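What follows is a short report on a single structure.
Bear in mind that the values in this text are calculations on the coordinates, not laboratory data. All of these numbers come straight from a predicted model, not from anything done at the bench. Backbone-built Cβ (ideal geometry, glycine too); neighbour counts: all protein chains shown.
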Amino acid sequence: MLVAKLNEHGASHHLKFELVDGAFDYRIVFGTGQAPVMTTYGSMNSSGAMTSVFDAKGSELFQFKREGRWTDSGATNAASKEIIKRLVKLGSLK
């Protein structure tokens, strides 16, 4: 799901993502999880995403969390948008 969302949001920035076993430009460590969140209706389950991105040499470029989404799909979508935003910014700094 993450690769599909990254390709969807990265296409307009000429970024393409694929799963590889060998050489890579970026390594993305990604996971989703659920935790309770208090609402006006009581406690409800919400999804979050944890993301770390590394360069080809293994140096961590950035990490972040996206929490309070209602579904894992929503958390994945929010994380993919943030990854693209940060990679575009890093690319403009080079």
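Couple of notes before you dig in:
- Sorted by Cβ neighbour density within 10 Å, fewest at the top, the residues Phe17, Phe62: Phe62, Phe17
- Extending 7 Å from Cα along the Cβ direction at Val20 and again at Gln63 yields two label points whose distance is 2.4 nm.
- Fewest-first ordering of Val29, Val88 by other beta carbons within 10 Å of each residue's beta carbon gives Val29, Val88.
- 3J(HN,Hα) from dihedral phi, the range 21-38, Karplus parametrisation 6.51/-1.76/1.60, rounded to Hz, x for glycine, proline: 9, x, 4, 8, 8, 9, 10, 10, 9, 9, x, 10, x, 10, 8, x, 9, 7
- The helix-based estimate of mean residue ellipticity at 222 nm for the chain, built from -39,500 (n - 2.57) per DSSP H run of four or more residues and divided by its residue count, is -11000 deg cm²/dmol to the nearest 500.
- Pairwise Lys count, the range 40-94 - Cα closer than 20 Å, eight or more residues apart or different chains: 7
- Counting every pair of alpha carbons in the chain, the share spaced more than 15 Å apart comes to 63 percent.
- Around the amide H of Gly31, modelled in the peptide plane, lie the amide H atoms of Met50, all under 5 Å away and 5 or more residues distant in sequence or on another chain.
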